[in-house]
1. How many residues are among the β-branched types (V, I, T), outside any loop (DSSP other than H, G, I, E, B), open to solvent by 10 Å² or more (accessible area, probe 1.4 Å) and out of contact with any strand residue (DSSP E or B) (no Cβ under 6 Å at 6 or more places or on another chain) when one looks only at the stretch 25-63?
2. Just to be sure, is L92 without any contact (Cβ under 8 Å) to a residue 60 or more places away in the chain, touching a strand residue (DSSP E or B) at 6+ places or on another chain (Cβ under 7 Å) and under 23 Å from Y146 (Cβ atoms)?
3. List the strands (runs of 3 or more DSSP E) that sit entirely inside the stretch 103-209 and contain at least 1 residues that are open to solvent by 20 Å² or more (accessible area, probe 1.4 Å) and in contact (Cβ under 8 Å) with a residue 24 or more places away in the chain.
4. Please verify whether the stretch 237-245 includes one or more residues that are modelled with pLDDT of 90 or more and either in contact with a Ser or Thr (Cβ under 6 Å, 6 or more places away or on another chain) or within 16 Å of ligand 2 (Cβ to nearest atom) (or both).
5. Return a yes/no flag: does the stretch 48-57 have any residue that is within 14 Å of ligand 1 (Cβ to nearest atom) and among the β-branched types (V, I, T).
6. Would you check which residues across the stretch 1-36 are polar (S, T, N, Q) and either within 14 Å of ligand 1 (Cβ to nearest atom) or under 18 Å from the mean Cα position of the chain (by Cα) (or both) and list them?
7. Which residue out of S272, S268, S257 is modelled with pLDDT under 95 and open to solvent by less than 60 Å² (accessible area, probe 1.4 Å)?
8. Restricting attention to the stretch 191-218, report how many residues are under 18 Å from N110 (Cα atoms) and either within 16 Å of ligand 2 (Cβ to nearest atom) or among the basic types (K, R) (or both).
Amino acid sequence: MSDQAFVTLATNDLYGKGALVLGTSLRNHRTTRQLVVLVSPQVSNNMRAVLGKIFDEVILVNVLDSKDSAHLAMIKRPELGVTFTKLHCWALTHYSKCIFMDADTLVLCNIDELFEREELSAAPDPGWPDCFNTGVFVYRPSIETYNELLQFSTEKGSFDGGDQGLLNSFFSNWATADINKHLPFIYNLSSVAIYSYLPAFKQYGADAKVVHFLGNTKPWNYSYNPKTRCVTGDSHDYSLVTHPEFLNMWWDIFTTSVSPLLPVHGISNEQSSSGTQEPSCLAYALAFSCGLSFCRKEEKLSEAVSQLSFTPPPPAVSSEERRKKWEQGQADYMGEDSFQNIQKKLDAYLN
Ligand code: UDP
Ligand code: MN
């Protein structure tokens, strides 16, 4: 199994934290494959040293940037030009087959069976399911493919400015050619899917194998109180409401296994993610307000998911009709179910 590897990427210390949690989760679930992290020169020496404790290989690569601000503006993620750096993963030819995983993913069980799949296998993107999401994919390292990809990137660019647009154009028959290359969605479950199709999440969420914290706000952008095991953050962030159990799992691994490895100083941390906020635990309060339940480490995920239900709000605020809509995943986020209203309820509850 030494010629197969899980590969991830970090171009700065924050994504390095994500890589550390991902690597730890793969080890916790006893992968038999090698763990590789690609790092750019911006990653600090301290972070590289810590990555070296979890990963078998820490490989320095130069940053490839699409510099395609026009397309990146369309997905409101100007920083994602550097995801072209992912292309270096095809240069790891001392492996015969690899699984690339974004640094903002977390595995919930052993997923070594993915090595039975062929290039290019990936799960559908929740935003446009005829595209694959590049947060998790199976590929074969090859200098030929690597060079073709680099050439393709300079000649054709990417329709979204990031690696996902590029790779979908390159492997353009993914949607139709071979169903075996469609990974089940549970190998790349994102929060977007949870809140856009809640009943499906209630039905299938317990089978999730990989969680992907896709989008602007990453787990390390939140604060966490290890004593109460509460994640806190922007109250307008649906992720916090819709999948607090996954955020808690990420932070649980970070505080128990990763944090002790980090030096007190020397890991750059542009955004606070220490865990000392007291005790107004918005996450728990929101959960209470919406009838969501939390997953603690010792609870089985399936139990948490089966308990995940939207209880009817008090009659003064709501109606049977509104409850139905909640249950169908059609909360009126902009109107009655807006965060402003939830916040009001919260305040009343906290007082
Ligand atoms: N990445 C990185 N530095 C960055 C942005 C992205 O190292 O500044 C890497 C990292 O592995 C990350 C992946 O590229 O997980 C894709 O970016 P991201 O996960 O932010 O995109 P999303 O999944 O939210 O579309
Ligand atoms: Mn990602």
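The values are calculated or read from the model by the stated rules, or taken from the named source; none is laboratory data. The shown structure was predicted, so the numbers you read here are calculated from the model rather than taken from an experiment. Counting neighbours? That spans all protein chains shown, and the Cβs are built from the backbone with ideal geometry, glycine included. Side chains are part of the model used for accessible areas, which takes the heavy atoms of the whole protein and leaves out ligands, DNA and RNA. Shrake-Rupley method; radii C 1.70, N 1.55, O 1.52, S 1.80 Å.
1. Total satisfying the criteria: 1.
2. On the way: without any contact (Cβ under 8 Å) to a residue 60 or more places away in the chain: no; touching a strand residue (DSSP E or B) at 6+ places or on another chain (Cβ under 7 Å): yes; under 23 Å from Y146 (Cβ atoms): yes.
No; evaluated as a whole, the condition is false for this residue.
3. 121-124
4. no
5. The answer is no; no qualifying residue exists.
6. T8, T11, N12, T24, S25, N28
7. Details: S272 fails: open to solvent by less than 60 Å² (accessible area, probe 1.4 Å); S257 fails: modelled with pLDDT under 95.
Testing whether each residue is modelled with pLDDT under 95 and open to solvent by less than 60 Å² (accessible area, probe 1.4 Å) leaves just S268.
8. 5
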